[in-house]
Structures are given as structure tokens and as C-alpha cells.
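This report concerns only the one structure given below.
The values are calculated or read from the model by the stated rules, or taken from the named source; none is laboratory data. Owing to the predicted nature of the structure, the values given are computational and were not obtained by experimental measurement. So basically every Cβ, Gly included, is an ideal-geometry build from the backbone, and we count neighbours across all protein chains shown.
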Amino acid sequence: MSRQLERRIAKLATTKTAGRIGYKRWNQLVNRATVADSVDELSSDEVSIIKQAEQELLAKSVNIYLDIDGVLLDSKKNKPAIGLNFFLKTLNKLMLEGNEVYWLTTHCNGDASTAVKYLAPYIDKRLSKIIIENINPTSWTVKTQGIDFTKPFLWFDDKPLGWADAKTMKDHDAEASLVTVDLNKKPLALVGLAFRLKRMTKRPKL
Ligand SMILES: [Mg+2]
């Protein structure tokens, strides 16, 4: 069994392509993939279904960049922002659907474990810990260096944009991708953002 192939296919379960071929056929494909050692052992039909679903996902997926202080944590009060667990669970759903989430915080520079370690004491649920461990690292000197501008993205930050970052966002015409969070003015900001992200995860009925 190939863990890699299994993971690759798990991401595709909610695509229209999977819906179109029907539950029974999709399940057959998943079962065959579970026992296969690699994609080469699948039929050309099955491979083309997988590729089609991946294309679909690629067109829809969005990268999410996350600051920690002032966004996930209320730094002034030294405690988690209201709705943090709900927000993380929503992110998890997005990740399962093929979107990528990245740390864009001073607590991570090339190594995600530093961010996980920093955040872990504020998170009481085991599930949430697993979720934060699935978030990818970035490397940067100014934050926009950590962003992949070739893909659609959302960037959550409380104090974004030094001069260099502002210019880069403008040059890429990406200013609408920045979501400025102000927990002082809006303590429930994370709950609202989770609902906004939840809407992104809703698929039209097949
Ligand atoms: Mg911050």
C-alpha cells in the first residue's frame, strides 16, 4: 500500500469529478488505490479520473498564510483568540480539500515545529494540535517573501505591511488577499473569518 497515493486520493473525495463518477465507482477506485504500490498499477481510466479531479482542485485551491501573535493569540491578554479551535477545525477542512496553509509569523522561519511549539500551550484539544502540525513552514526576511504569488491566497495578519511588503503586494495586484485582523476592535474576528472560510469549503450540489 502506498501512503502517498492514499493521501493523494483522499484529497479528491469532495471534487465534482468524484461526485460525477458516482459513489460506488469512486469507492472502487479508492480501494484499488489502497492496495496499489503506485499509480502505475491503476488503469488508464482511473489515472485520468485522478488527474481530472486534481486539475479541478488546483483551479479552486487557495493558499492561506497565518500570523500567530494578534491573530490566533490575543497577545495583549496573553491568551488564545476567541474561536481559535473552531477556526483551526475549519482550516483543517480546507486542508483536507487540497488547500495549503502556511505559517507566516516570526515564530517560524523555515521550520514549522517552532510555531507549533509556541502555539501548543494555548490549544487544549488534541485535534487542534494535530491540525497545527499540518501547517507548512515558510522562510522570509520580509513576510511577502514567504508568499507564492502564482497561486490565489489569503493572508491573515494583525500588523502587516512594512514598506517592502506593501510594495510587493501592490506590484502583484494582491492587496485584496490581505485580511487585517484587529482583536482589540473585534475580539470575535476569528469566528467571523472561520465562517468566511467555511463558505469557501461549501461545494455546489452535484
Ligand atoms: Mg502579528
**Asked** Among the candidates Ala115, Ala120, which residue alone is closer than 16 Å to Leu84 by Cα, touching a His at 6+ places or on another chain (Cβ under 7 Å), hydrophobic (A, V, I, L, M, F, W, C) and not assigned by TED's automatic domain parsing to the domain that holds Glu54?
**Response** Ala115
**Request:** Go through (1) under 20 Å from Val191 (Cα atoms); (2) away from the ligand (no atom under 16 Å from the Cβ); (3) not in a loop (DSSP other than H, G, I, E, B) one by one and return the number of the condition Asp124 breaks.
**Result:** (3)
**Request:** Determine if the range 162-178 includes at least one residue that is modelled with pLDDT under 95, in contact with an Asp or Glu (Cβ under 9 Å, 6 or more places away or on another chain) and more than 13 Å from Leu66 (Cα to Cα).
**Result:** yes
**Request:** Tell me which residues, restricted to the range 40-85, are within 21 Å of Ala174 (Cβ to Cβ), at pLDDT 85 or above and more than 15 Å from the ligand (Cβ to nearest atom).
**Result:** Val62, Asn63, Ile64
**Request:** Report, ordered by the first and then the second residue, all pairs with beta carbons closer than 7 Å, sequence separation of six or more or different chains, a first member in the range 87-116 that is within 16 Å of the ligand (Cβ to nearest atom), and a second member that is hydroxyl-bearing (Ser, Thr, Tyr) and in a helix (DSSP H, G or I).
**Result:** His107/Thr114; His107/Tyr118; Cys108/Thr114
**Asked** Can you spot a residue in the range 81-95 that is over 19 Å from Leu154 (Cβ atoms) and in the same structural domain as Pro121 (by TED's automatic domain parsing)?
**Response** yes
**Asked** Within the range 144-183, can you find the residues that are within 16 Å of the ligand (Cβ to nearest atom), in a loop (DSSP other than H, G, I, E, B) and more than 13 Å from Asn63 (Cα to Cα)?
**Response** Asp158, Lys159, Pro160, Leu161, Gly162, Val181, Asp182, Leu183
**Item:** Matching entry among Glu6, Glu54, Glu41 (being in contact (Cβ under 8 Å) with a residue 40 or more places away in the chain, more than 30 Å from Ala81 (Cβ to Cβ) and out of contact with any strand residue (DSSP E or B) (no Cβ under 6 Å at 6 or more places or on another chain))
**Value:** Glu54
**Message:** Out of Thr90, Thr105, I need the residue that is among the polar types (S, T, N, Q), within 22 Å of Val179 (Cα to Cα) and assigned to a loop (DSSP other than H, G, I, E, B). Which one?
**Reply:** Thr105
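Listed here are the residues, each with its yes/no results for (1) outside the structural domain of Tyr122 (by TED's automatic domain parsing); (2) exposed (fewer than 14 other Cβ atoms within 10 Å of the Cβ).
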{"residue": "Gly19", "(1), (2)": "yes, no"}
{"residue": "Gln28", "(1), (2)": "yes, yes"}
{"residue": "Thr34", "(1), (2)": "yes, yes"}
{"residue": "Ile49", "(1), (2)": "yes, no"}
{"residue": "Ala53", "(1), (2)": "yes, no"}
{"residue": "Tyr65", "(1), (2)": "no, no"}
{"residue": "Gly70", "(1), (2)": "no, no"}
{"residue": "Asn78", "(1), (2)": "no, yes"}
**Prompt:** Taking only pairs six or more apart or across chains, which ones have beta-carbon atoms under 7 Å, a first residue in the range 167-194 that is β-branched (Val, Ile, Thr), and a second residue that is assigned to a helix (DSSP H, G or I)?
**Reply:** Thr168/Thr144; Val179/Leu193; Val181/Ala189; Val191/Phe86
